[in-house]
Amino acid sequence: MNWTRRELLKAALALPAGSYLAGYEALAAPLKNKVKITGIKAMQLRHNGGDCLIKIETDAGLAGYGEAGATGPMTRGRLQTMQRLLMGQDPLEIERHFHNLSTMTHTYIAHIPTVSGVDIALWDLAGKILGQPVYKLMGGPFRDRIPLYTDDQPADFFDRTIVRDFAQKNKSHPYNWTIVKVMFHHSSVLDPARRQPSEHSLSAARRTMLTSSEIKRIGKAFENLREAFGDDMDIVVHSLNEYDLPSAVGIAKATAPMRPVWFEDPMPPYYSDSWKALKQQSPVKILTGEKLEMPKQFLPYLQNEVLDIIQPDLAYAGGFTGCKKIADLASLYQVPMNLHNYGTAVLHMASLHFAASIFDFFVCESFVGKPKMESQMVEPLCASKFPQVKDAHSELPEGPGLGIELNEDAIKADLAPGETWWG
C-alpha cells in the first residue's frame, strides 16, 4: 500500500494511545477509581511572570505538583473554569482529562499554559499513586543521563579581556558545560545610539529590523566569543522571536563562520512563509518552539521543513501529554527535540523526566548552578535529593512521580508580592 502524507500523519497521531499509554493503563488499572481529586490550587513565585506552581490534592492524602507558564492570578482564574471537569474525578485518567481541558471552547477556549501545569501535576500524582517515576510511566527511560546546556552572556562583547574571562568561566565550570546559549538583544552588541529602552520602560517596544552595521556588530561579537572559546565549546545564537526576515538572514550569515550549533527564535513565533525563506537562505541550523502550544502550532513548521530542531516548554506547550504528542509528530519528520526550561525546580524536574521518556532528544536548557536560580531550584523547592550534574549531564531523578517534595518555609519566603500560601 502506498501511503499519502496525510494518511501517514493520521496513523502516526494515533500511535501514542497504542504505545506508552497501553503500558500506563495496564499499570494503573488495579487502582482506577480508588483516588479522587479534592482540590486544585496555584501560587506564583517572585522570579518572573511565570513560575506559577500548581497543586492537585486528593482524598488519599497525596498531592501532585506542576508548573504553569502564567501568573498566579491568571492561572487561578483559568482553574475556576476547569474545576467542574476535575473535582471528584480519578486523577489517573490523564488522557481523558487532557482531552477535556485542552478542547474547552465554551465559554473560554483552553488556556494551554494552565492545562500544562495541571497535566504535569497529574503525572506527578500518578507516579506517587503507582510508585513509579514519571519517565517510566511514559515509556522510558531512553537514556540514563540527560544532556544539558547553559545560558550566559558577557557584560561586553567587544572588550577582549571581559570576553576571555567569560569564556574561561564557562570552560572551567564544575559542570563542564559544552554548549553555551548567548543572547545579544539587550547587551552592548546593538548600536548604542539606537539601543532599545529598558524592558521595564513603557516604551520598551522591540525593533524588528536591524541595520547592516548592527548585523556586522553581531557577527563581530560572536567572532570574539569563538576566538575566546576556541573549539572546546559550542555556541548558540539566541534572539527572542523579534526580527524580520532580512535581519534574521543577516544574523545567520554573519554568525555562520563561528559555527553556532543553532540559531534560536530568530523571527516571530507563529508560522509564516518567511520561515521557509529563512531556512532556504540560512547557513546555520534553525530552532524555535518555546512560545508554541500543542501539536497544531508545530505542525506547519514540520510540514514545511523549516526547523532543524524544535524546543517546546513543558509549562507552555501542553505539559507531559501535549509535548509527548508534539514529540511523536516531530519524529515523523525526523526532527529532534530540545526543551526550553526557564522556571522553578518543579519544571526542571519535569523536564528531566520528559527528556528521559522520548527517543529523539538532543539537549535540555538548564539554570542549575546559577546564583539567580540556585535558591529557586534547590533550596526552596527540593527537600529530596536533587539530581547531580556532571560533564554537562544530569542524573535521572529519583523517587515516584517527579521525585520532589516542597520546602514550605523556603517557598513562603519566595512568593511573589501579593501571593499567599496556595492562593
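Observations on the structure shown:
- Matching entry among Phe184, Phe158 (being surrounded by fewer than 17 Cβ atoms within 10 Å (Cβ to Cβ) and either touching a helix residue (DSSP H, G or I) at 6+ places or on another chain (Cβ under 6 Å) or outside the structural domain of Gly69 (by TED's automatic domain parsing) (or both)): Phe158
- Here the stretch 347-366 is the region considered, the condition is being of a type in the set (Phe, Trp, Tyr) and more than 14 Å from Gly66 (Cβ to Cβ), and the residue that is surrounded by the fewest Cβ atoms within 10 Å (Cβ to Cβ) is Phe359.
- Residue match in the stretch 310-321 (condition: of a type in the set (Gly, Ala, Ser) and surrounded by fewer than 23 Cβ atoms within 10 Å (Cβ to Cβ)): no
- Strands (runs of 3 or more DSSP E) contained in the stretch 304-423 and holding at least 1 residues modelled with pLDDT under 95 and touching a Lys or Arg at 6+ places or on another chain (Cβ under 6 Å): none
- Qualifying residues in the stretch 161-197 (those that are aliphatic (A, V, I, L, M) and in contact with a strand residue (DSSP E or B) (Cβ under 9 Å, 6 or more places away or on another chain)) - the one modelled with the lowest pLDDT: Met183
- Taken together, Leu101, Leu85 contain a single residue that is without any contact (Cβ under 8 Å) to a residue 40 or more places away in the chain and buried (at least 22 other Cβ atoms within 10 Å of the Cβ), which is Leu101.
- Of all the residues in the stretch 139-159, those that are under 19 Å from the mean Cα position of the chain (by Cα) and acidic (Asp, Glu) number 2.
- Test: Glu290 is without any contact (Cβ under 8 Å) to a residue 60 or more places away in the chain and in contact with an Asp or Glu (Cβ under 7 Å, 6 or more places away or on another chain): yes
- The set of residues from the stretch 28-54 being under 17 Å from Phe98 (Cα atoms), touching a helix residue (DSSP H, G or I) at 6+ places or on another chain (Cβ under 7 Å) and modelled with pLDDT of 95 or more comprises Ile37, Ile40, Ile54.
- Gly77 meets all of the listed conditions (1) under 18 Å from Trp422 (Cα atoms); (2) in contact (Cβ under 8 Å) with a residue 60 or more places away in the chain but one, namely (2).
- Considered as a group, the residues in the stretch 104-138 that are among the polar types (S, T, N, Q) and within 22 Å of the chain's Cα centre (by Cα) include one that is nearest to Gly72 (Cα to Cα), and that residue is Thr114.
- Yes/no for Tyr149 being touching a residue at least 24 places away in the same chain (Cβ under 8 Å) and under 30 Å from Leu225 (Cβ atoms): yes
- Restricting attention to the stretch 55-83, the residues that are of a type in the set (Gly, Ala, Ser) and closer than 17 Å to Leu101 by Cβ total 6.
- Residue check for Lys253: at pLDDT 95 or above and under 21 Å from Glu214 (Cα atoms): yes
- Here Val284 meets each of (1) part of a loop (DSSP other than H, G, I, E, B); (2) closer than 23 Å to Ala70 by Cα with one exception, condition (2).
- Between Gly117, Gly64, Gly77, the distinction of being surrounded by fewer than 22 Cβ atoms within 10 Å (Cβ to Cβ) and either modelled with pLDDT of 90 or more or assigned by TED's automatic domain parsing to the domain that holds Leu302 (or both) belongs to Gly77 only.
- Here Ala70 fits the description: buried (at least 24 other Cβ atoms within 10 Å of the Cβ), in contact with a Pro (Cβ under 8 Å, 6 or more places away or on another chain) and not in a helix (DSSP H, G or I).
The values are calculated or read from the model by the stated rules, or taken from the named source; none is laboratory data. From a predicted model like this one, the values you see are computed outputs, not experimental measurements. Don't worry about glycine lacking a Cβ; one is built from the backbone with ideal geometry, like all the others, and counts go over all protein chains shown.
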